[in-house]
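The values are calculated or read from the model by the stated rules, or taken from the named source; none is laboratory data. Computed from a predicted structure; not experimentally measured. Backbone-built Cβ (ideal geometry, glycine too); neighbour counts: all protein chains shown.
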Amino acid sequence: MTTGTKIRLLREQKGWGQDVLAAKLSISQPAISKLESDQNKLSWDNAIKLGELFEVDPEYFFDSKVNNYISHNQKVNQLFNSDYNDNNIEFIKGLYEAQIRSKDTLLEERLERIVELKKQVEELKADLEGFKTL
């Protein structure tokens with residue numbers, strides 16, 4: 001089943017016209033028509049919006065599995081064929097583990113920054129008290 005067919009079937013299940021879906025996505029009705037007829041490719045951002053509207057995983061709209069992850073504050077999309085083998089599974093595990101490490105590093109940095117900011121707040125409060133006594 002093509003991406004366009006999936007979109008059309010989900011839209012029709014909701015009883016929406018193309019104009020209704022276009023308004024929800026903030027795009028034109030002709031753009032919806034081109035998506036449904038597979039004349040235009042679906043962007044990842046619109047797949048996310050469609051996934052929320054239709055309560056499905058955004059990957060549902062693509063033939064291949066999409067592993068979307070954040071690396072150093074930059075969005076990166078990795079595409080994988082739908083037929084997995086052991087090498088792909090190990091690669092996917094590696095990506096997942098890298099994503100977890102990146103998340104842990106970011107959390108540690110945020111916690112350190114929070115501690116620094118709390119210390120600065122306390123110092124500013126002490127300075128303010130000093131000014132009040134003058």
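Return only the number of the condition from (1) at pLDDT 90 or above; (2) surrounded by fewer than 11 Cβ atoms within 10 Å (Cβ to Cβ) that ASN73 does not satisfy.
It is condition (1) that ASN73 fails.
I'd like to check something: does the range 38-49 contain any residue that is under 15 Å from MET1 (Cβ atoms) and acidic (Asp, Glu)?
yes
So, of the residues in the range 76-118 that are hydroxyl-bearing (Ser, Thr, Tyr) and modelled with pLDDT under 75, which turns out to be farthest from TYR60 (Cα to Cα)?
Here the answer is TYR84.
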